[in-house]
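Everything on this sheet refers to the single structure shown next.
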Amino acid sequence: MGGSGGESRYEISQNAYIKLVLHSLKHKTSAVNGVLVGSSCDDVVQIIDSVPLFHNHLGLLPPLEISLIMIEEYYSARGLGIVGYFHANERSDDVELGNVAKNIGDHIYCYFPQAAILLLDNKKLEALPKGKDGLPVMQLYTRDASKNWKLTRSDGSCRLTTKEPAANAVLLDYISSKKWEDVVDFDDHLDDITKDWLNPELFK
């Protein structure tokens, strides 16, 4: 059966991937979140872009609703939609998917049944400089038949991949040059609307 996240594969573009990781590095002592933007074809969901959302009060509904409406409006005009959610926990040793993440994931799932939640894996992020593999430093969660968010185990067939094989090498370059300082999220934008949540200059 198509239409659910059960067996879908997810491919994330280098820029979408790096932007989310840099956002979490900018606010290392806070939980942060973001949304995944893209489209799906058959069983492959292509995550083409990402939008960093918040680093304060992640569960507050009014700013979340405002941001989702603005993101949806901007990207739907470009033939794309919100296809998932990204979350980084406050504590680097916390690998649990919490209620805020599940609730926002549920909301996105209502509109896009192949929705994914990506949870930052700090162990993988810390191991990046050792250069072991090119796999994303994120854990993939999808909703199962009983409507629970389940961690997808990496058992040979990796269902989350980066579109560009060298994405982690590029990410390490950006980390070493402290590129995270330039990331703008919706919190920043709501405080100062001259700050652009689309981050058009980030990868220039």
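The values are calculated or read from the model by the stated rules, or taken from the named source; none is laboratory data. All values derive from a computational prediction rather than experimental measurement. Methodologically, a virtual Cβ is constructed for each residue, glycine included, from the backbone with ideal geometry; neighbour enumeration extends over all protein chains shown. Accessible surface is based on the protein model in full, side chains and every heavy atom, while ligands, DNA and RNA are left aside. Shrake-Rupley method; radii C 1.70, N 1.55, O 1.52, S 1.80 Å.
Lys and Arg at +1, Asp and Glu at -1: add these up for the other residues within a Cβ distance under 11 Å of S92 and post the number.
Combined, the nearby Lys, Arg, Asp and Glu give -2.
Only bridges with both residues in the chain count here: give the DSSP antiparallel percent, nearest 5.
70 percent
Return the carbon/sulfur percentage of the accessible area of region 96-177, one whole number, probe 1.4 Å, all protein chains in place.
54 percent
Highest GNM mean-square fluctuation, the chain, Cα pairs closer than 10 Å: which of D133, D42, D187?
Of the options given, D42 has the highest mean-square fluctuation.
With all protein chains present, how much of the accessible area of region 29-92 (probe radius 1.4 Å) comes from carbon and sulfur, to the nearest whole percent?
On region 29-92, the fraction of accessible area on carbon and sulfur atoms equals 54 percent.
What net charge is computed for the residues neighbouring N122, neighbours being all others with C-beta under 13 Å from the C-beta of N122, Lys and Arg scored +1, Asp and Glu -1?
Neighbourhood net charge equals -2.
In nm, to one decimal, how far is the D94 label point from the K28 one, both placed 7 Å along Cα→Cβ?
Label-label distance for D94 and K28, simple model: 1.8 nm.
Probe of 1.4 angstrom, ligands and nucleic acids ignored: what's the accessible area per residue over region 1-136, in square angstrom?
47 Å²
So what's region 19-146 giving for Cα Rg divided by 2.2 N^0.38 Å, two decimals?
Taking N as the residue count of region 19-146, the ratio is 1.03.
For n ≥ 4 DSSP H runs only, could you compute -39500 (n - 2.57) per run for the chain, divide by its residues and tell me the 222 nm figure to the nearest 500?
-9500 deg cm²/dmol
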